[in-house]
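Heads up: the structure comes next, in structure tokens.
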Amino acid sequence: MTREVRDLVPVDGNRFRFYCCGPTVYGPAHIGNFRTFVMNDIFRRVLEIGGVETLHVRNVTDVDDKTIRDSQAAGERLKDFTDHWLKRFHEDTAALNLLPPHIEPSAVEHIPQQITMIEELMAKGHAYAPGDGSVYFKISSFEDYGKLSRLDTRELDLGRTQEQRVGIQADEYEKDSLSDFVLWKGRRDDDGENYWESPWGTGRPGWHIECSAMSCEYLGETFDLHSGGEDLIFPHHENEIAQSKCSRGGDFALHWFHSAHLLVDGKKMSKSAGTVYTLADLLERGFTAMEVRYELLGAYYRRQANFTFDSLHAKREALGKLAKGEAELRKEVGEVEIPGYEELRGLGGFGVFEPAWDGLQNDLNTALAMGKVFVGLKTAKTKEDWLGLHGVLAALGLVLPEIEAEDAVEVPEEIQAVAEERWAARSAKDWAKSDELRDLLMEKGWVVKDGKEGYELVPA
RNA sequence: GGCGGCGUAGCCAAGUGGCCUAAGGCGCGAGUUUGCAAAACUUGUAUUCGGCGGUUCGAAUCCGCCCGCCGCCUCCA
């Protein structure tokens with residue numbers, strides 16, 4: 001991606017059209033997946049707050065090896081299975097305050113478009129069907145193959161067949177070259193009921209073709225930007241480029257936006273280490289979705305970020321500090337209602353928060369922007385400052401916690417009674433009894449905050 | 001082995017040639033407050049950027065080497 005977001009001008013002069021590789025719905029997404037989606041969300045928000053219209057497409061992969069395998073293991077039909085996990089994904093994205101994409105196409109619902117594209121590749125000599133029911137893309141037919149990932153062609157095993165290579169794990173498909181990838185997979189016994197008709201017999205589409213077919217369907221053969229996690233650069237995005245350019249021509253995506261991975265305690269997340277956290281895992285531990293979002297945007301997207309519970313914990317304090325600062329500023333400028341997202345689109349000035357906005361404009365540097373938000377808060381005092389703060393927060397998608405929430409906390413009668421007794425003891429300067437009752441409240445999970453005229457109970 | 005990236009205070013994390021004797025958040029220390037605490041508020045917290053050389057008037061930032069770590073290399077965001 002270009003370093004300056006402000007330099008990104010829609011190629012059609014109207015809406016900035018971008019495609020984001022979405023989830024494979026075979027289980028709950030983990031926080032690493034969400035780092036990518038949060039970064040994409042912020043990217044869109046920065047464009048929109050900056051006054052640019054967008055067209056955001058994010059696909060759903062609802063047919064592949066894993067969805068088929070796991071739906072069968074669960075004894076469910078593929079659609080029921082993927083619908084369930086898609087619903088869960090939507091719940092998670094809503095909790096994380098991700099704007100829903102304008103279009104969310106599913107692979108299963110676009111099989112005709114995928115078949116059409118494969119036929120075009122066949123007709124132009126970029127694909128071949130060796131007769132086993134599958135169709136492959138011939139990467140030697142596309143000169144630019146490997147350009148995005150800067151792969152040396154020597155590494156691609158061009159022209160080598162599996163027979164020539166010893167020790168490679170058995171693959172049922174016949175390919176001319178080891179690096180050729182599958183466009184259509186011939187039906188196999190373990191696919192069960194999950195197959196579709198095609199000119200090459202029954203089967204199902206390969207993974208890469210869905211994104212080429214769907215991005216072209218909704219965004220055309222040339223669009224502004226394509227995004228995804230860094231692991232998708234090769235082979236997924238490389239293959240998409242090959243399929244799209246060879247079948248339809250056009251420039252495909254003019255910009256690429258890849259988010260680096262999220263590590264946990266400095267290591268790649270792994271199931272065996274128990275570090276593949278889902279949003280639900282973190283909510284269960286008492287964190288809020290907004291704290292998680294803050295954690296995910298806390299580092300610059302081009303670098304791997306390190307998730308730790310210490311860092312996540314810090315976000316609660318930081319959000320509270322922000323909320324307090326915002327409330328004071330709001331009072332100072334005499335406003336009551338926080339402006340909504342739509343009102344902030346096309347915001348002209350950001351007051352003392354201009355540096356934070358610049359940070360976002362300059363290659364989506366969310367870490368820098370957050371730092372400048374806290375700096376700005378120290379001197380903010382005008383209405384423009386206040387609007388600027390909300391413009392930046394809206395671009396980051398951060399919703400501040402309510403700070404006047406005492407009413408919302410239900411204090412059990414039993415706890416209230418102990419607290420009253422303690423206050424009486426304290427007022428009578430019976431320090432021993434007062435402290436004893438305070439410890440008792442602490443044991444039961446309540447913290448007493450003493451004031452001049454009374455006290456307040458807060459959950460520990 | 002090929003390609004790419006990282007190593008900045010206890011933790012997270014900006015900064016990529018001079019405004020850096022290095023943002024910001026958390027944590028921690030000190031003070032105010034408090035009967036003592038907690039909370040709140042104020043304030044302090046890396047003369048130094050993995051190590052060693054080099055380029056330069058000047059380097060956390062560029063180059064070389066070394067050490068450590070991470071990612072991709074056929075369907076993992």
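For the reader, a short list of remarks on this structure follows.
- Residue within the stretch A:90-101 that is of a type in the set (Gly, Ala, Ser), within 28 Å of A:LYS267 (Cβ to Cβ) and open to solvent by 10 Å² or more (accessible area, probe 1.4 Å) present: yes
- Counted residues, the stretch A:217-233 - those being more than 11 Å from RNA strand B (Cβ to nearest atom) and touching a helix residue (DSSP H, G or I) at 6+ places or on another chain (Cβ under 6 Å): 2
- Segments classed as helices (runs of 4 or more DSSP H), wholly inside the stretch A:55-148, with at least 3 members that are of a type in the set (D, E, K, R): A:65-73, A:78-95
- Residues of the stretch A:423-443 satisfying the condition of being open to solvent by less than 80 Å² (accessible area, probe 1.4 Å), within 10 Å of RNA strand B (Cβ to nearest atom) and not in a helix (DSSP H, G or I): A:ASP430
Let's see how each residue does on (1) open to solvent by less than 10 Å² (accessible area, probe 1.4 Å); (2) in contact (Cβ under 8 Å) with a residue 12 or more places away in the chain; (3) among the aromatic types (Phe, Trp, Tyr):
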| site | (1), (2), (3) |
| --- | --- |
| A:ASP176 | no, yes, no |
| A:ARG188 | no, yes, no |
| A:TYR218 | no, yes, yes |
| A:GLY228 | yes, yes, no |
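- Only one of A:LYS315, A:LYS321, A:LYS271 that is open to solvent by 40 Å² or more (accessible area, probe 1.4 Å), part of a helix (DSSP H, G or I) and either touching a Phe, Trp or Tyr at 6+ places or on another chain (Cβ under 6 Å) or not β-branched (Val, Ile, Thr) (or both): A:LYS321
- The combined condition, being more than 30 Å from A:SER134 (Cα to Cα) and either away from RNA strand B (no atom under 16 Å from the Cβ) or open to solvent by 20 Å² or more (accessible area, probe 1.4 Å) (or both), is fulfilled by A:HIS30.
- Taken together, the residues in the stretch A:46-89 that are among the hydrophobic types (A, V, I, L, M, F, W, C), open to solvent by less than 10 Å² (accessible area, probe 1.4 Å) and more than 29 Å from A:PHE223 (Cα to Cα) amount to 1.
- The stretch A:366-395, subset open to solvent by 40 Å² or more (accessible area, probe 1.4 Å) and outside any helix (DSSP H, G or I), residue nearest to RNA strand B (Cβ to nearest atom): A:LYS381
- Counted residues, the stretch A:444-456 - those being away from RNA strand B (no atom under 11 Å from the Cβ) and either within 20 Å of A:GLY286 (Cα to Cα) or touching a Phe, Trp or Tyr at 6+ places or on another chain (Cβ under 9 Å) (or both): 3
The values are calculated or read from the model by the stated rules, or taken from the named source; none is laboratory data. The shown structure was predicted, so the numbers you read here are calculated from the model rather than taken from an experiment. Here the Cβ is made from the backbone with ideal geometry for all residues, glycine too, and neighbour counts use every protein chain on show. The protein model used for the area step is the full one, side chains on, heavy atoms only, and it has no ligands, DNA or RNA in it. Shrake-Rupley method; radii C 1.70, N 1.55, O 1.52, S 1.80 Å.
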